[in-house]
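Trainee: Structure incoming, see below.
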Amino acid sequence: MSSTRDCVVRLADDPERDSRSLEAVLKRAELDPDSEVLNLDSALAIERYFVFLAWLEGSPVGCVMATREDAAIIHTLVVVSERRGQTIAKQILQHAVEHLTRYEERRCLWTAVDPRRATARERFLNLGFEPVRKRVMGFSLLRYVSETEEERQPLDGSAV
């Protein structure tokens with residue numbers, strides 16, 4: 001579990017309990033009615049994906065979803081409408097990136113961002129994602145490559 005300010009973020013691990021929180025986030029996010037994420041079975045999503053849920057003042061306020069492949073794809077970032085602009089998206093993403101690279105040992109993470117969403121793109125760039133020249137269905141492709149322990153420390157044990 002991770003906490004930054006009043007926002008608490010954790011990996012959803014109980015489909016029965018956490019699906020209600022995920023449904024509440026998606027309902028309160030005021031997403032486009034055609035959004036595919038609204039058609040997700042929440043319990044099934046928690047089983048199939050890494051789902052990170054954020055709470056503020058005891059209420060679910062956001063989520064990040066990523067695939068479980070070796071090179072995980074962060075495909076969903078949602079914050080409830082009344083809490084946008086309060087760094088919740090940044091906090092959930094920071095937790096998800098740290099958890100995926102450290103505990104799930106994913107060395108490479110991917111995401112695709114709508115080029116019209118400059119703040120979303122900047123949010124990922126600020127976390128260390130780098131742009132890739134290729135586009136996917138018109139979306140900007142971004143990649144995060146984690147350093148391994150060997151890359152972080154010299155073999156002789158001296159300080160970097």
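None of the figures in this text is laboratory data; all of them are computed from the coordinates on show. Bear in mind that the values here come from a model prediction, so they are computed numbers and not experimental data. Using ideal geometry, Cβ is built from the backbone for each residue, glycine included, and neighbour counts are taken over all protein chains shown.
Trainee: Of all GluC sites (Glu not before Pro) in the stretch 29-120, which ones are in loop regions per DSSP and have a Cβ with at most 16 other Cβ atoms within 10 Å?
Mentor: Loop-located and lightly packed - 30, 57, 69, 104, 105.
Trainee: Under 11 Å from the 7 Å Cα→Cβ point of residue 84, by amide nitrogen: which residues of the stretch 26-56?
Mentor: 29-32
Trainee: Ignoring everything except DSSP H segments at least 4 long, calculate the 222 nm mean residue ellipticity for the chain; use -39,500 (n - 2.57) per segment, divide by total residues, nearest 500.
Mentor: Helix-only estimate at 222 nm: -9000 deg cm²/dmol.
Trainee: Ignoring solvent entirely, what values of log10 I(q)/I(0) come out of the Debye formula for the stretch 2-152 at 0.09, 0.10, 0.14 Å⁻¹ when each Cα is a single scatterer?
Mentor: -0.26, -0.33, -0.66
Trainee: Compute the length gained on full extension between residue 36 and residue 105: take 0.36 nm times their separation in residues and subtract their Cα-Cα distance, giving the result in nm to one decimal.
Mentor: 22.0 nm
Trainee: Run the paramagnetic zone check for residue 17: 7 angstrom along Cα to Cβ, then residues of the stretch 45-67 with backbone nitrogen under 14 Å.
Mentor: Residues 53 qualify, since their backbone N sits under 14 Å from the label point.
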